Structures are given as structure tokens and as C-alpha cells.
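Take a look at the structure below.
The values are calculated or read from the model by the stated rules, or taken from the named source; none is laboratory data. Predicted, not measured: the structure shown is a model, and the values here were computed from it. In this analysis, Cβ positions are derived from the backbone assuming ideal geometry, glycine residues included, and neighbour counts consider all displayed protein chains. Protein only, heavy atoms only, side chains kept; ligands, DNA and RNA dropped before computing areas. Shrake-Rupley method; radii C 1.70, N 1.55, O 1.52, S 1.80 Å.
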Amino acid sequence: MLDNTQITYIKNLQQASKENRLVIFAGAGTSVDAGIPLWNQLIGELSNNLPEEIKQNYQNDNLQLAEFFRERSDDRDYYDRIEKILLRRSTSSNSIHSAILALHPCHIITTNYDTLLEEAVLKNNRQYFVVASDNDLPRNHGENLIVKMHGDLNHHDIILTENDYYDYARKFPLIRSFVISQFVSKVVLFVGFSFNDPNLKFIMREIKSELGKDMQHVYLLTDANLPEIENDHQFRRGINV
């Protein structure tokens, strides 16, 4: 049962959609039903190739485990392994991707490496320009965008390891600036993220550090019933649940 606050949130999102000001952030949860593993599952499978002692010592540090795997692999092995894990059980875009498009977002920003959103665009006969690297941004002419802010497998430039996150501003300066700009004038809805998702924490920290008190509240869609104290905590972080 929705309470009055949640109904207000939904009305705000509907209004933003009508005004072409809705931006949707799509996380790993949007692709789970299509067979794509979650971020921590991907790291878990990659770390199977690491010594048992390393897995035990860093079992709560997925970024470092990914870093160890990267250091022990050349480019070809690294991306081949990730692609096999991501695509081993994958099917095709699902109803969640279609539902995202049905909200008519002006832009979709995703931390996913897969191409399911692009497939959904074709299935639903929609027009979005795909931005997978900084070089793509200057080539768009005001179209609706799908921005793959953490890269994709085709470009071999994904953000996954600890050093990737540290170097993000250097590797994707234009995409980073574009993403931050969306929090200034648009209404942002996160879909497919958990509250412990490192990508969500990373994004919110980046936005908070850039915009400070000028950061607008964003929305996060979840099927979890949060205790009041956690709802209040998320609100103070700038997240309307």
C-alpha cells in the first residue's frame, strides 16, 4: 500500500516525464531476469581464479579482488573471462527494460556493460543515441541518450576494479561531467540498485562532492519495505525511496 509520500514521489516522476526532464539510472538489477549476474556475483566468479588465501583475506573487498584478478590477466584474458561470465546465461531484454522506455526518459544512464537496453530500444522502436565513451558525446545532435557511464565490453574500457574507480575522472571526464550535470536540472530515478550497491554509493558521493547543498533529491525504486529510521537515513543522503 502506497502512503501519501510515495504517491507524491510518483506524481513528481510522472510530471518530470511529461516535461521531458526524467533521467533513469539503470543498475545491474534491471538485467538479472535476463540472466546477467549482479556486480558482486561477477566479482565472485572472477575471484575463483585467485589463491584461496587472497580470497579469504579480501572476502569483503570486491574492488580489491577485482584488482588482483586484473593484475594477473592480460587484456584479452581479462575481457574474455568477464564476457563469458556476463553472457553465459543471458537471454534478451525483458519487461523491465521495456517499462523503463515506457516512462519516456530523456536519457538513460547505466552502469551495466551489457547491450540489453540497446536491444530494448530496437524492439520498442525508440530512438536513443548510445554513448559508450567520451568520443561519442560530441557526435550526438541533441538526441535522447543511453550513456554507458562505466564503459562496455566492446570498447574494452569498463570500470570494475579499485584503480578503475580511482581513475574514473581521468578515463571518462566528459561522461562524468555530463552525468553530474543531469543532477542539476533533471529529475533522476534509480532503478535496479540496492542500498549497498557500490555503484550507487560511488555516484552519490561524486554528485555530493561536486554539488554540495545544491544537489537535488533523487528517487530510488525498490521493492524493500524500509524501517522508518532507514528511510530517514536515505533521505538525509538525498535519496527519496
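Could you please let me know if SER98 is of a type in the set (Gly, Ala, Ser), at pLDDT 90 or above, over 15 Å from the mean Cα position of the chain (by Cα) and more than 23 Å from ASP157 (Cβ to Cβ)?
When the stated conditions are applied, SER98 passes them.
Between residues in segment 197-209 that are under 18 Å from LEU221 (Cα atoms) and residues that are among the hydroxyl-bearing types (Ser, Thr, Tyr), which pairs lie under 6 Å by C-beta distance while being six or more apart or on different chains?
ASN199/THR111
Does at least one position in segment 195-215 carry a residue that is at pLDDT 90 or above and either crowded, with 20+ Cβ neighbours inside 10 Å or touching a Ser or Thr at 6+ places or on another chain (Cβ under 6 Å) (or both)?
The answer is no, given that none of the residues of segment 195-215 is at pLDDT 90 or above and either crowded, with 20+ Cβ neighbours inside 10 Å or touching a Ser or Thr at 6+ places or on another chain (Cβ under 6 Å) (or both).
From the list ALA169, ALA120, which one is among the small types (Gly, Ala, Ser) and over 14 Å from PHE202 (Cβ atoms)?
ALA120
So how many residues does segment 135-148 have that are open to solvent by 20 Å² or more (accessible area, probe 1.4 Å) and in contact (Cβ under 8 Å) with a residue 40 or more places away in the chain?
So the count comes out to 1.
Is at least one residue of segment 221-232 in contact with a Phe, Trp or Tyr (Cβ under 9 Å, 6 or more places away or on another chain), at pLDDT 90 or above and open to solvent by 70 Å² or more (accessible area, probe 1.4 Å)?
Within segment 221-232, one or more residues are in contact with a Phe, Trp or Tyr (Cβ under 9 Å, 6 or more places away or on another chain), at pLDDT 90 or above and open to solvent by 70 Å² or more (accessible area, probe 1.4 Å).
Looking at the structure I just gave you, is TYR128 closer than 21 Å to PHE202 by Cα and open to solvent by less than 40 Å² (accessible area, probe 1.4 Å)?
Considered against the rule, which asks whether it is closer than 21 Å to PHE202 by Cα and open to solvent by less than 40 Å² (accessible area, probe 1.4 Å), TYR128 comes out as no.
Need pairs with beta-carbon distance below 7 Å; first residue among the aromatic types (Phe, Trp, Tyr) and within segment 102-124, second in a helix (DSSP H, G or I); sequence gap 6+ or separate chains.
Cβ pairs passing all conditions: TYR113/LEU86; TYR113/LEU153.
When you scan segment 22-51, how many residues do you find that are at pLDDT below 90 and within 12 Å of the chain's Cα centre (by Cα)?
2
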